[in-house]
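Contents: one structure, followed by commentary.
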Amino acid sequence: MGMWWIVAVAILAHTASAAVREYAWEVEYKFGWPDCKEGMVMAVNGQFPGPTIHALAGDTIVVHLTNKLATEGLVIHWHGIRQLGSPWADGAAGVTQCAISPGETFTYNFTVDKPGTHFYHGHYGMQRSAGLYGSLIIDVAKGKKEPLRYDGEFNLLLSDWWHEDVLSQEIGLSSRPMRWIGEAQSILVNGRGQFNCSLAAQFSNTMLPTCTFKEGDQCAPQRLHVEPNKTYRIRLASSTALASLNFAVQGHRLLVVEADGNYITPFTTDDIDIYSGETYSVLLTTDQDPSQNYYISVGVRGRKPNTPPALTVLNYVTAPSSQLPASPPPETPRWNDFDRSKNFSKKIFAAMGSPSPPETFNERLFLLNTQNLIDGFTKWAINNVSLAVPGTPYLGSVKYNLRTGFSRSSPPKDYPVDYDIMNPPRNRNTKQGNGIYVFPFNVTVDVILQNANGLNANASEIHPWHLHGHDFWVLGYGEGKFKPGIDEKTYNLKNPPLRNTVALYPYGWTALRFVTDNPGVWFFHCHIEPHLHMGMGVVFAEGLNRIGKVPDEALGCGLTKQFLMNRNNP
């Protein structure tokens, strides 16, 4: 009886301290000027980017999402939220739910279990590219102490922007031959950029004019106003569709303290590489000349930089806000200096006291990333299978044992040992598939991501891979082809960082480990929008007999629609 009473008191105390944060959102297109050129943006309640959600760890978030689009379905993925007990709320169309039809409302209801810097974005078609994203900031629970010390904070959501509309981009990617989307016209910071002028025109050789803004201009940069001799937390999240980025603040060092919602061992750097899907927190101390202002620069890495850096200004309040910095902005590191990028990734270690990974694995997958063809259409494939998500969400098929919802044959768990990763594939063709990897509950899985050459010679790209429903330990990175029995000896099992997104570098491998402790069906995919659109992803399922109640409205399409109708009308 005594133990029951303690548990009951604990539950009541948690309930009393946690809050329910409820929102009613409508998503529709509107005209906007993200980079000083008019275009269509996806807006949430008229806002672009969407509203920032602030909550405390342990809170419940309820979002009533109404689709006001005329002809498109809609979902929102809550990137970085593990959805413990609520896999249907993950917001991955075709995986965890049906797309919300025009005119309909769907309610997301989930608990945020730990503090961290996160964001949300569309996960249907390429709606993230159209601007459907916003920030999701979770602070420590009420009564808990934040281990970081700072005087104020800023939230910077980074994205890339095209003048070509997303539907046209999708058609081009699905054409034969493929019409590539090209590089973005602009990099946006909190939805603001400038494609036809520069804040640093006096130092630039691009011949762009100096930016001048009128009151209320949507593309005017948001300056960060700071006081001298203070420390500020800058939360960074990358929702880019394509670009890898580099963030730097002129004259200031950055102390990196958080990655993907997990505290890390702090380290100091002049700049930070951030890939699509990643989030960081850095601490910046305002210890420079208080009579000056300083550039904040966000430039492209990992691709030939045909997109100019985004610029805004760190404004010391002791200097005029309109005053531009007196020297050039930080220069973005060379785009293809991948050794520099790897060295940055290898500096990230878990904070003291973080959970340690299991010492061994129960199952292991080798996932080879390749570019291939299907009947002349360009695709991306994993172990020579290009993912085609079915019309019936996987979660519904496995929950109600609908045998024909997808292929019950598992995709390949490895690839031929003689595959040459350094050259274009000898077999240029692939096939589409929709099978999934099914794991028992609470086992340890290792995933070895292996990069390779694309269809053209000397072409291997960075792929940031994101896992839904989990954090994973990044055990290590390596060059060339992974060597079983040898490369495991290089693993960091002492303090590997916990992440939900990790970079796979050209012609190399990345090893990660996770535990199947979250019953559900979870997407694992490249976070580059066109790559996922072209098939670069897999699906994991775990603890299928432990999946709890799934709301009917999440599964009212495909085969599950008829199943639910028959069940509710016997």
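The values are calculated or read from the model by the stated rules, or taken from the named source; none is laboratory data. The structure displayed is predicted, hence computed values, not measured ones. Using ideal geometry, Cβ is built from the backbone for each residue, glycine included, and neighbour counts are taken over all protein chains shown. In case anyone asks, the SASA skips ligands and DNA or RNA and just uses the protein heavy atoms, side chains included. Shrake-Rupley method; radii C 1.70, N 1.55, O 1.52, S 1.80 Å.
Can you find even one residue in region 101-118 that is surrounded by fewer than 19 Cβ atoms within 10 Å (Cβ to Cβ), in contact with a Ser or Thr (Cβ under 8 Å, 6 or more places away or on another chain) and of a type in the set (Asp, Glu)? The answer is yes, given that some residue of region 101-118 is surrounded by fewer than 19 Cβ atoms within 10 Å (Cβ to Cβ), in contact with a Ser or Thr (Cβ under 8 Å, 6 or more places away or on another chain) and of a type in the set (Asp, Glu). The single condition among (1) open to solvent by 80 Å² or more (accessible area, probe 1.4 Å); (2) in contact (Cβ under 8 Å) with a residue 40 or more places away in the chain that Asn205 does not meet is (2). Candidates in region 131-171 are the residues that are without any contact (Cβ under 8 Å) to a residue 24 or more places away in the chain and not charged (D, E, K, R); of these, the one that is farthest from Lys230 (Cα to Cα) is Ile171.
Output yes when any residue across region 215-232 is over 30 Å from Thr60 (Cα atoms), hydrophobic (A, V, I, L, M, F, W, C) and assigned to a loop (DSSP other than H, G, I, E, B), and no when none is. Before the answer, list the steps.
At the first step, the residues of region 215-232 found to be over 30 Å from Thr60 (Cα atoms) are 215-231.
Cutting the leftovers down to hydrophobic (A, V, I, L, M, F, W, C) gives us 219-220, 224, 226.
Now narrow it down to the ones that are assigned to a loop (DSSP other than H, G, I, E, B): 219-220.
Yes, region 215-232 has at least one match.
If you check Leu148 against the conditions, is it hydrophobic (A, V, I, L, M, F, W, C), modelled with pLDDT of 95 or more, in contact with a Pro (Cβ under 6 Å, 6 or more places away or on another chain) and surrounded by 13 or more Cβ atoms within 10 Å (Cβ to Cβ)? So that I can check it myself, show each step before the final result.
On the way: hydrophobic (A, V, I, L, M, F, W, C): yes; modelled with pLDDT of 95 or more: yes; in contact with a Pro (Cβ under 6 Å, 6 or more places away or on another chain): no; surrounded by 13 or more Cβ atoms within 10 Å (Cβ to Cβ): yes.
So Leu148 does not fit the description; no.
Yes/no matrix, rows are residues, columns are (1) in a loop (DSSP other than H, G, I, E, B); (2) among the β-branched types (Val, Ile, Thr); (3) touching a Phe, Trp or Tyr at 6+ places or on another chain (Cβ under 6 Å):
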| site | (1), (2), (3) |
| --- | --- |
| Trp25 | no, no, no |
| Lys30 | no, no, no |
| Pro49 | yes, no, yes |
| His54 | no, no, no |
| Val62 | no, yes, no |
| Thr71 | yes, yes, no |
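Output the residue which, of all residues in region 36-48 that are more than 22 Å from the chain's Cα centre (by Cα) and within 26 Å of Thr210 (Cα to Cα), is surrounded by the fewest Cβ atoms within 10 Å (Cβ to Cβ). Outline the logic, then answer.
Residues of region 36-48 more than 22 Å from the chain's Cα centre (by Cα): 36-40, 45-46.
Still in the running and within 26 Å of Thr210 (Cα to Cα): 36-40.
Values: Cys36: 18, Lys37: 16, Glu38: 12, Gly39: 17, Met40: 14.
Top of the filtered list is Glu38.
Residues Pro440, Pro411, Pro464: which one is out of contact with any strand residue (DSSP E or B) (no Cβ under 6 Å at 6 or more places or on another chain) and modelled with pLDDT of 95 or more? Working first, answer last.
Details: Pro411 fails: out of contact with any strand residue (DSSP E or B) (no Cβ under 6 Å at 6 or more places or on another chain); Pro464 fails: out of contact with any strand residue (DSSP E or B) (no Cβ under 6 Å at 6 or more places or on another chain).
Of Pro440, Pro411, Pro464, the one residue that is out of contact with any strand residue (DSSP E or B) (no Cβ under 6 Å at 6 or more places or on another chain) and modelled with pLDDT of 95 or more is Pro440.
For region 151-161, state whether one or more residues are surrounded by 18 or more Cβ atoms within 10 Å (Cβ to Cβ), hydrophobic (A, V, I, L, M, F, W, C) and not in a strand (DSSP E or B). No, there is no match, as no residue in region 151-161 is surrounded by 18 or more Cβ atoms within 10 Å (Cβ to Cβ), hydrophobic (A, V, I, L, M, F, W, C) and not in a strand (DSSP E or B). A search for C-beta distances below 7 Å between a residue of region 216-227 that is farther than 25 Å from Val41 by Cα and open to solvent by less than 80 Å² (accessible area, probe 1.4 Å) and any residue that is hydrophobic (A, V, I, L, M, F, W, C) and at pLDDT 95 or above, counting only pairs 6+ apart in sequence or on different chains, returns Val226/Leu314; Val226/Val317.
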